Every structure is written in C-alpha cells, then in structure tokens.
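Here's the structure we're looking at; comments come further down.
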Amino acid sequence: MEQTELKQMIRAILTEMASGNNDEITEDASGLQTNSKETIQVSERVTYHPAGSTNETEQVKQNSVSDEVLDDITELNIRETFYVDNAEDEEGYMRIKQHTPARLGMGRAGSRYKTQPVLRFRADHAAAQDAVYSYVDEELIKDLNLVPLETVCQDKDEYLKRPDLGRVFSEESAKKIKEVVPQNADVVVVVGDGLSSAAIEANVRDILPAIRQGLKTHNLDFGDVLFVKHCRVPAMDQIGDITNANVICMLIGERPGLVTAESMSAYIAYRPTVGMPEAGRTVISNIHDGGTPAVEAGAYIADIIEQILKQKASGTSLEQ
C-alpha cells in the first residue's frame, strides 16, 4: 500500500471516530494525525490523583516523606520472641530458646518465613557487613592514647583478599614499634581491628583497664598499647621478633555472625615469633555483652598472662 493511500485511510478512520462531536483532525510534525481533545483526555488519564485530592498541593502533601521514627528492630531480644502461631508447646519452645541464640521458632506464612523474622535477618546481616568494612573510630584511638600502626594492606579489599599481608609491617612501622615498645618487656598489649571494628569499639574501652588492674595484683603492668589497622592475628609474631617481649596479648575483632557483630577475642602467646605454630597461642574468645563481658574477660586475661609468665609456655604447652 502506498504511503498516500495509508494516510487517507487513517484520516478516514479518525474522521469516522470523531463524527458526532465535531472534533478537528490535525496532522502533527511527524505526519501522524491527532485529535487535540483526545490527547488532553489521555494526558489526564495517565496523571495520578489520589482519592480525595482536590489540587496539586494536596497531592504533593500526600506523597511527601514522613518523618516518623520507626522502632529499631534489632533491639528485640530474639531469645524472648516467638513467631509461631498456635504452637502446641510454646512454653517448652521458649525454655529451649533461653539456652541458645539460634533462630528457633521463626514461624511461617505458607511456604515462606514471616516478614518480621526476615527483616531481622536482613538487619543482622547488614550489621555484620558494616562491622567488616568499617574502620575503628579514630577519636576512640586518640581518647585511649593507642599508638596507631598499619600493616602493609592498602585497603579493606586487599585486607580481605590477602590475609598474608595483614601480618606484615613495613620498615617504617617496624621502626616505630621499636621506638615505642621497650625491649624484653614482660607484657605487651596490642589491639587489632581484625574482621570487626564494631567489636573493638564495643569492648576495648572496658577491657584495657580491667587487664591493667588485674596485672597489678600480680605486680605486672604494660606500657603503651599498640593499635594495628588491617590486622591479622599473626601480626603479633613480628611484633614479638621486634621487641623480644615475653608475652604479647592481642585483642582483635572476630568475624561477625548473625547473633552479634561485637565479639572480640584475646590471643596470648609466650615469646611469639614469625612462623610459630598456631597451637602456641592461648585464646579467650566470645568477649561481648552476650558472652563474657569485657570487664570479666579482662580480669581473666590478666590471670592467664601471669600463669604464662610463670610456666613460660602458652597454648597447648600451657595445658600440659
């Protein structure tokens, strides 16, 4: 069909459709014929007007963002929350939940979990990711007079992909350690960010005074505390080689889970050196409010350090 014939056919159809209301058929720049009134009507149909709105101002008001503050879903104690409807033995289930932070009694709506447990799961997962990728607040490091150091890792991505670099100091950092830490000290305390900056921020302010106070009961003490950014546990081995310390205690953020992102551990070794077996470290783990509180852990760590110095052994050798 020729283009002229096609245009004539379209014109005829539109004229027939417009008959009875005397609408004018026009041709736009692209050659397509339009009805001005119908165009306006179509435009009105695609414009959304909420029920009850009378003008544009009212519509904008209804679509504006609310400043309402929502409850923090993570403040719910998951051990005290039960989501199963019409459970046969809810009381028995709640007794079990008191003994574990596992996600028991989440309930289902058909084949899926309920909305509330799913939102809580996503919130806990987001907190774990934040703990891994964020850095310890520099103001906290200054407040506690920690000595800032850094391994050779350039950023978080390299730290996560190259664990071997998280245990190595540059020549400049090694020189600074030698300047700050006296040789052959009885005890050197190191704080490392590890895999959870949230764990350090939650516990280190309480645990350092507790360790110092506990050590003083054994006539022991420690000097300046080192803070290592992008730190892995074996970083304490190079510090041992540089300082010849008798005992090094490293407080480090542990890999966060869905129960808590604030769990910290203490790795303690007698005369650590690069290449030492992992079995040579004594570990006190699960330090957080829901596990061993920082103050209690600090007192226990001080006692362990005293035993290690007395026995001149750590890790499995200390247990024998």
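The values are calculated or read from the model by the stated rules, or taken from the named source; none is laboratory data. Source: prediction; values computed, not measured. FYI the Cβ positions are ideal-geometry reconstructions off the backbone, even for glycines, and counts take in every protein chain you see. Ligands, DNA and RNA are excluded from the accessible area calculation, which covers all protein heavy atoms including side chains. Shrake-Rupley method; radii C 1.70, N 1.55, O 1.52, S 1.80 Å.
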Handout entry: Test set (1) more than 19 Å from the chain's Cα centre (by Cα); (2) aromatic (Phe, Trp, Tyr); (3) more than 30 Å from Val247 (Cα to Cα) - Phe121 fails condition number
Key = (1)
Completion exercise
Going through the range 123-142 in order, the residues found to be open to solvent by 70 Å² or more (accessible area, probe 1.4 Å), more than 26 Å from Phe222 (Cα to Cα) and in contact with a strand residue (DSSP E or B) (Cβ under 9 Å, 6 or more places away or on another chain) are none
Practice task
Might you check whether a residue that is of a type in the set (A, V, I, L, M) and in a loop (DSSP other than H, G, I, E, B) occurs anywhere in the range 286-296?
Solution key: no
Practice task
Could you grab the pairs with beta carbons closer than 6 Å, sequence gap of 6+ or different chains, first residue in the range 192-205 and touching a residue at least 24 places away in the same chain (Cβ under 8 Å), second one part of a strand (DSSP E or B) and surrounded by fewer than 24 Cβ atoms within 10 Å (Cβ to Cβ)?
Solution key: Gly192/Ile252; Asp193/Lys229; Gly194/Ile252
Exercise for the section: Quick one: count up the residues across the range 123-155 that are closer than 18 Å to Ser196 by Cα and either among the β-branched types (Val, Ile, Thr) or in a strand (DSSP E or B) (or both). Expected result: 7
Problem - Which numbered condition Ile308 misses (of (1) touching a residue at least 60 places away in the same chain (Cβ under 8 Å); (2) open to solvent by 70 Å² or more (accessible area, probe 1.4 Å); (3) of a type outside the set (Asp, Glu)) - result: (2)
Problem - Near pairs, Cβ below 8 angstrom, 6+ apart or cross-chain, from the range 77-103 (in contact (Cβ under 8 Å) with a residue 24 or more places away in the chain and under 17 Å from Lys114 (Cα atoms)) to any residue that is surrounded by 10 or more Cβ atoms within 10 Å (Cβ to Cβ) and polar (S, T, N, Q) - result: Tyr83/Gln116
Handout entry: In the range 225-280, the residues that are of a type in the set (Ser, Thr, Tyr) and in a loop (DSSP other than H, G, I, E, B)
Key = Thr260, Ser263, Thr273
Practice task
Could you tell me whether Gly253 is more than 21 Å from Ile308 (Cβ to Cβ) and crowded, with 19+ Cβ neighbours inside 10 Å?
Solution key: yes
Fill in the blank from the handout: Every listed condition ((1) open to solvent by less than 40 Å² (accessible area, probe 1.4 Å); (2) basic (Lys, Arg); (3) under 30 Å from Val190 (Cα atoms)) holds for Arg120 save (3)
Practice task
Determine which single condition Asn145 fails, assuming it passes every other condition in (1) farther than 30 Å from Val180 by Cα; (2) modelled with pLDDT of 90 or more; (3) open to solvent by 100 Å² or more (accessible area, probe 1.4 Å).
Solution key: (1)
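Residue-by-condition table, conditions (1) over 16 Å from Arg232 (Cα atoms); (2) modelled with pLDDT of 95 or more; (3) open to solvent by 60 Å² or more (accessible area, probe 1.4 Å); (4) touching a strand residue (DSSP E or B) at 6+ places or on another chain (Cβ under 7 Å):
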site	(1), (2), (3), (4)
Glu158	no, yes, no, no
Asp164	no, yes, yes, no
Gln183	yes, yes, yes, no
Val189	no, yes, no, yes
Glu201	yes, yes, yes, no
Arg205	yes, yes, yes, no
Ala210	yes, yes, no, no
Gly214	yes, yes, no, no
Problem - Within the range 264-283, tally of residues that are closer than 30 Å to Leu104 by Cβ and open to solvent by 20 Å² or more (accessible area, probe 1.4 Å) - result: 1
Handout entry: Top-ranked residue of the range 297-320 - restricted to ones that are among the hydroxyl-bearing types (Ser, Thr, Tyr) and assigned to a helix (DSSP H, G or I), ranked as farthest from Val204 (Cα to Cα)
Key = Ser317
Exercise for the section: Within the range 143-166, track down each residue that is out of contact with any Gly (no Cβ under 6 Å at 6 or more places or on another chain) and within 21 Å of Glu262 (Cβ to Cβ). Expected result: Asp143, Leu144, Leu146, Lys156, Leu160, Gly166
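Can you list the helices (runs of 4 or more DSSP H) lying wholly within the range 8-122 that have 2 or more residues being at pLDDT below 80 and farther than 30 Å from Val259 by Cα? Break it down stepwise before answering.
Values: elements: 36-46, 56-63, 90-97.
Here the list reads 36-46, 56-63.
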Handout entry: Boolean, Met236 is of a type outside the set (Asp, Glu), open to solvent by 10 Å² or more (accessible area, probe 1.4 Å) and closer than 19 Å to Val168 by Cα
Key = no
Problem - Long-range neighbours under 7 Å by Cβ, at least six apart or interchain, first residue more than 17 Å from Leu195 (Cβ to Cβ) and among the hydrophobic types (A, V, I, L, M, F, W, C) within the range 277-291, second open to solvent by less than 60 Å² (accessible area, probe 1.4 Å) and in a loop (DSSP other than H, G, I, E, B) - result: Ala279/Gly315
